[in-house]
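A.B. asks: Quick one: the structure is below, questions incoming.
Quick note: the coordinates plus some simple rules give every number you see, no bench work behind them. Keep in mind that what you see is a predicted model, and the values were worked out from it rather than measured. Virtual Cβ from ideal backbone geometry, glycine too; neighbours counted across all protein chains shown.
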Amino acid sequence: MKHLEAHLQQTCVMWFNMQHHKYYGLLYSSLNGLHTTATQARTAKAEGMIAGVADLTLSVARHGYHGLFIELKNGSRGRQSESQKVWQKKVEEQGYRYVIVRDFATFKRAIESYLNDSVEQRKLI
């Protein structure tokens, strides 16, 4: 399952960097899904890694939002964990947009809608 999410994430990031090179470096991964040793996990937590953080962050302010958080899920099977739901609520309360993406087409629509300045396009996400 995780392999499919990883492939989706790689595809999304590659497409974004090719299509929106103006924003290169502003779409980045949290690396929360990375498998680590117990020692590495303790170090990461001590350095600020938090359970539930979205897979991708787009640090571009648009439409009154401070940025866009993207949680990738494996098709219809993937579900948010409780820590992801809690984190989503917290960042939305702080003025960030949060979307759940289950396929590349949805990712592409979400990005184009978020970056587009027209009201009609924003309604798509």
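A.B. asks: Using Cβ contacts closer than 10 Å as the measure, can you line up 92, 5 from fewest to most?
C.D. replies: Lowest count first: 92, 5.
A.B. asks: Next up: What number, in nm² with one decimal, is the all-direction average of the projected area of the convex hull of the alpha-carbon atoms of the range 21-104?
C.D. replies: 6.7 nm²
A.B. asks: What are the membrane-span-like helices in the chain by this rule: whole DSSP H runs, Cα extent along the axis at least 24 Å, mean Kyte-Doolittle hydropathy at least -0.5?
C.D. replies: Counting only whole DSSP H runs, the qualifying helices are 2-19.
A.B. asks: Then there's this: Can you tally the net charge around residue 102? Count Lys and Arg as +1, Asp and Glu as -1, for every other residue whose Cβ sits under 13 Å from the Cβ of residue 102.
C.D. replies: +1
A.B. asks: Right, another one. What is the order of 113, 30, fewest Cβ neighbours within 10 Å to most?
C.D. replies: If I rank by nearby Cβ atoms, fewest first, I get 30, 113.
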